[in-house]
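**Q** Quick one: structure below, then a few questions.
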Amino acid sequence: MRIAIASDHAAIDLKSQLRDWLIEQGHEVADLGPDTTDSVDYPDYGYKLAGVIADGTAERGVALCGSGIGISIAINRNPACRSALVSEPLSAELARSHNDANVIAMGARLTGPDMAKACLEAFLSTDFLGDRHQRRVDKLSNPEI
C-alpha cells in the first residue's frame, strides 16, 4: 500500500519509528516531514498530507502531532479526507469499517510506539463495510445529500 506520513516537531521520533515499521511491513512510504525537531506548524504538514491523499498519490495517511488533534483537524478541512484520531486498535478498526477513514491520526505524547503500531495494523487491515455506512460517509463530503 502507498502510505504518506507526516507530523509536527513533537512527533518526530514516533514518525520515524512508524515509517520504518511500515517499510518493514512491505508498504511504500512517503515521509512528508518534517525532518528535525525545530518548531513547525502542524497545519502545514496536515495540509500537505491531505493533498497527497486527495490527489491519489497515497492510499492512506498517518498523521502525528503532540495530541493528534490539531493535525487531524487540518486534514479534515480537505473534503477528500476522513482523518480519525485514535488511541487504541478498536477505534482504528471502526474508523475504517464504518467511516472509510483514509487517514489515521495519533498523538505522540499520548500513544506509545507499540500501541501506535497496533492501531496502524488494525487500520491498514480493515476494509470499509459499505452498505448502510456508505450514505453516511457520502454526507461527510456533501452535507446537502
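The values are calculated or read from the model by the stated rules, or taken from the named source; none is laboratory data. Quick caveat: nothing in here was measured; it's all calculated off a predicted structure. Positions of Cβ are backbone-derived with ideal geometry, glycine not excepted, and every protein chain shown enters the neighbour counts.
**Q** Restrict the check to segment 43-55 and report whether at least one residue is in a loop (DSSP other than H, G, I, E, B), at pLDDT 95 or above and either among the hydrophobic types (A, V, I, L, M, F, W, C) or surrounded by fewer than 17 Cβ atoms within 10 Å (Cβ to Cβ) (or both).
**A** Yes, there is a match, as at least one residue in segment 43-55 is in a loop (DSSP other than H, G, I, E, B), at pLDDT 95 or above and either among the hydrophobic types (A, V, I, L, M, F, W, C) or surrounded by fewer than 17 Cβ atoms within 10 Å (Cβ to Cβ) (or both).
**Q** Restricting attention to segment 114-132, and to residues there that are over 17 Å from Ser7 (Cβ atoms) and in contact with an Asp or Glu (Cβ under 7 Å, 6 or more places away or on another chain), which single residue is surrounded by the most Cβ atoms within 10 Å (Cβ to Cβ)?
**A** Here the answer is Ala122.
**Q** Which is surrounded by 15 or more Cβ atoms within 10 Å (Cβ to Cβ), at pLDDT 95 or above and acidic (Asp, Glu), of Glu24, Glu59, Glu28?
**A** Going through Glu24, Glu59, Glu28 in turn, the sole match is Glu59.
**Q** Name, by its number, the condition in (1) at negative phi; (2) surrounded by 19 or more Cβ atoms within 10 Å (Cβ to Cβ); (3) not aliphatic (A, V, I, L, M) that does not hold for Asp13.
**A** (2)
**Q** Here is a list of conditions, (1) assigned to a helix (DSSP H, G or I); (2) more than 14 Å from the chain's Cα centre (by Cα); (3) hydrophobic (A, V, I, L, M, F, W, C), and Ala92 meets all of them except one; can you say which number that is?
**A** (2)
**Q** Sticking with this one: Tell me, which residue of segment 14-42 that is assigned to a helix (DSSP H, G or I) and aliphatic (A, V, I, L, M) is nearest to Gly112 (Cα to Cα)?
**A** Leu14
**Q** Here's a check for you: in segment 59-88, which residue that is within 11 Å of the chain's Cα centre (by Cα) and in a loop (DSSP other than H, G, I, E, B) is nearest to Val29 (Cα to Cα)?
**A** Glu59
**Q** Tell me the residue from Cys81, Cys65 that is at pLDDT 95 or above, touching a helix residue (DSSP H, G or I) at 6+ places or on another chain (Cβ under 6 Å) and under 25 Å from Asp127 (Cβ atoms), please.
**A** Selected residue: Cys81, the only one of Cys81, Cys65 that is at pLDDT 95 or above, touching a helix residue (DSSP H, G or I) at 6+ places or on another chain (Cβ under 6 Å) and under 25 Å from Asp127 (Cβ atoms).
**Q** List pairs: first residue in segment 97-121 and touching a residue at least 60 places away in the same chain (Cβ under 8 Å), second residue among the aromatic types (Phe, Trp, Tyr) anywhere in the structure, Cβ distance under 8 angstrom, at least six positions apart or on different chains.
**A** Lys117/Trp21; Leu120/Trp21
**Q** Looking only at segment 97-113, count every residue that is touching a Phe, Trp or Tyr at 6+ places or on another chain (Cβ under 7 Å) and either surrounded by 22 or more Cβ atoms within 10 Å (Cβ to Cβ) or not in a helix (DSSP H, G or I) (or both) and tell me the total.
**A** Residues in segment 97-113 being touching a Phe, Trp or Tyr at 6+ places or on another chain (Cβ under 7 Å) and either surrounded by 22 or more Cβ atoms within 10 Å (Cβ to Cβ) or not in a helix (DSSP H, G or I) (or both): 2 in total.
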